[in-house]
Structure formats: structure tokens, C-alpha cells
């Protein structure tokens, strides 16, 4: 979710800047609303820019953390698989002792007995 490259950010930032330029150009007119100041708008635009920058930095940190998490999860998944293989080799795939390790003993599937002809 890009912020600075995003449409909303670009439109809002550009709109605030154009409005500030317009206020600068027309603020000397008679009865111009005194509550509208270019300084205030440019400060708000700067806040928007600062928050967008912070967001992008945090997002980058989150992506890096997720990549590290994914690497660790994949490594642990392989480690778990290796341990499971070792335990099944030691006790046998059908051993009920595997339940003590949180593993499910292997059970043969399919029908038992002779097959019927159709």
C-alpha cells in the first residue's frame, strides 16, 4: 500500500499546495477570510508528508520482520519434519507412542477384505 506514490497522497498534497498558492496570491484582497493562511496549509501538508514517510519506514521494517519470520518458520518446519521422521523411524509409523509427541500414528486406509465385483 504505497503512500507517497499513491493517488490519494498525490492528489491531497497537490491540492493543499495549490490552495496555499492561491491564498498567497489573493490574501491581500479586501474581506479575504483571515482564517485562511498559506502557512497553516503548508504546515498541514508537511505533517501529511512526515506521516507518509514514517508509514513507509514502518512498512519497510514490517516487511523485513515478516521475511525473517518466514525464514524461521520454514527452517522450523523442516526441523519438525526431520524430528518426525526420526521418531517414526525409531518407534515405527504405527506406534501409539507417537501420540505422546503430538504425532498421529499412521493408519492404513482403504477397505479391508475382498473387493466386490460390480
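Criterion applied to 113, 89 was being part of a helix (DSSP H, G or I) and more than 39 Å from the chain's Cα centre (by Cα), and the one residue passing it is 89. Going through 13, 81 one at a time, which residue ends up being in contact (Cβ under 8 Å) with a residue 12 or more places away in the chain, surrounded by 10 or more Cβ atoms within 10 Å (Cβ to Cβ) and within 28 Å of the chain's Cα centre (by Cα)? One residue alone meets the criteria, 13.
The set of residues in region 16-39 that are exposed (fewer than 13 other Cβ atoms within 10 Å of the Cβ) and not in a helix (DSSP H, G or I) comprises 28, 29, 30, 31, 32, 33, 34, 35.
Every residue, every condition in (1) over 20 Å from residue 6 (Cα atoms); (2) in a loop (DSSP other than H, G, I, E, B); (3) modelled with pLDDT under 90, yes or no:
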{"site": "59", "(1), (2), (3)": "no, no, no"}
{"site": "83", "(1), (2), (3)": "yes, no, no"}
{"site": "93", "(1), (2), (3)": "yes, yes, no"}
{"site": "100", "(1), (2), (3)": "yes, no, no"}
{"site": "103", "(1), (2), (3)": "yes, yes, no"}
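The values are calculated or read from the model by the stated rules, or taken from the named source; none is laboratory data. Nothing here was measured: the structure is a model prediction, and the numbers come from that model. Quick reminder, even Gly has a Cβ in these numbers, built from the backbone with ideal geometry, and neighbours come from all protein chains shown.
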